[in-house]
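**Q** Shown below is the structure under consideration.
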Amino acid sequence: MRIAILALQGAFIEHAQMLHELGVETFEVRQLQDWQQPKDGLIIPGGESTTQVRLLDRLGLLQPIRQAILEGLPVFGTCAGLILLAKQEDGHSRKGLCTMDIDVCRNAYGRQLGSFNAVGDVVGIAKDFPMTYIRAPYIHRTISPDVKILSTINGHIVAVQQGRQFATAFHPELTSNNELHHYFIQQVIPSRA
Ligand code: GLN
């Protein structure tokens, strides 16, 4: 198994380390040539979503990645990665990959209060999972019944799955718990067959 990790900006190294611990090979995507390598899945890391979208667009990666996800490539987006996947922001369409039927709120907890830790269950995947939030988004609402809500913290949706698209508002790669990465490679990717 070989997983592509979008490495334009943000916390991508930690995702690679976590996957290596699980015995999974990864490669970084920085340009179109990298993207053209064979892959079983994609990770979109946290960082700054506006910058990531701008870079994806400039490098000609936005449409090919969007197309691959729509054709069923398994994807795991964390924090800014979740924002990139969202079709809507505050009820309006947004620029990004726009493949997931969710409406996000960016910097949802205020600029100063945006970073905190919580512990929560991720339905059917992990109990008492340590959740690191860094200027995090949350999901206002799902906009299709195809989206499964996997976790809610203080009444806000923070983890979802829609088919082979899996996304969290928090950063599982910044903890020592690899249960969500394990779920991605064991459950989300094999569902492709
Ligand atoms: N606030 C960032 C954004 O809107 C996301 C933060 C993160 O990925 N840790 O893009």
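**Q** I want to confirm something. Restricting to the range 10-24 and keeping residues that are closer than 19 Å to P38 by Cα and over 17 Å from the mean Cα position of the chain (by Cα), which single residue is most open to solvent (accessible area, probe 1.4 Å)?
**A** H20
**Q** Okay, next question. Among the candidates F76, F27, which residue alone is of a type in the set (F, W, Y) and either closer than 20 Å to T175 by Cβ or more than 17 Å from the chain's Cα centre (by Cα) (or both)?
**A** F76
**Q** If you take the residues in the range 80-95 that are crowded, with 24+ Cβ neighbours inside 10 Å and either of a type in the set (G, A, S) or farther than 23 Å from S115 by Cβ (or both), which one is nearest to the ligand (Cβ to nearest atom)?
**A** By that ranking, first place goes to A80.
**Q** For the range 54-79, enumerate the residues that are at positive phi and surrounded by fewer than 24 Cβ atoms within 10 Å (Cβ to Cβ).
**A** G60, G72
**Q** Hey, can you tell me all the residues within the range 151-186 that are without any contact (Cβ under 8 Å) to a residue 40 or more places away in the chain and within 23 Å of A4 (Cβ to Cβ)?
**A** Within the range 151-186, A159, Q161, Q186 qualify.
Results for (1) within 12 Å of the ligand (Cβ to nearest atom); (2) at pLDDT 95 or above, shown as yes or no for each residue.
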{"position": "M1", "(1), (2)": "no, no"}
{"position": "F12", "(1), (2)": "yes, yes"}
{"position": "L19", "(1), (2)": "no, yes"}
{"position": "L22", "(1), (2)": "no, yes"}
{"position": "T26", "(1), (2)": "no, yes"}
{"position": "G46", "(1), (2)": "yes, yes"}
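**Q** Just name the residue that is farthest from H181 (Cα to Cα) out of those in the range 114-165 that are touching a Lys or Arg at 6+ places or on another chain (Cβ under 9 Å), of a type in the set (D, E, K, R) and away from the ligand (no atom under 16 Å from the Cβ).
**A** D121
**Q** Further, regarding this structure: Please report, ordered by residue number, the helices (runs of 4 or more DSSP H) entirely within the range 14-78 with at least 3 residues that are of a type in the set (S, T, Y).
**A** Counting at least 3 such residues, we get 49-58.
The values are calculated or read from the model by the stated rules, or taken from the named source; none is laboratory data. Everything quoted here is computed from the prediction, not taken from an experiment. Using ideal geometry, Cβ is built from the backbone for each residue, glycine included, and neighbour counts are taken over all protein chains shown. Heavy atoms of the whole protein, side chains included, go into the accessibility calculation; ligands, DNA and RNA do not. Shrake-Rupley method; radii C 1.70, N 1.55, O 1.52, S 1.80 Å.
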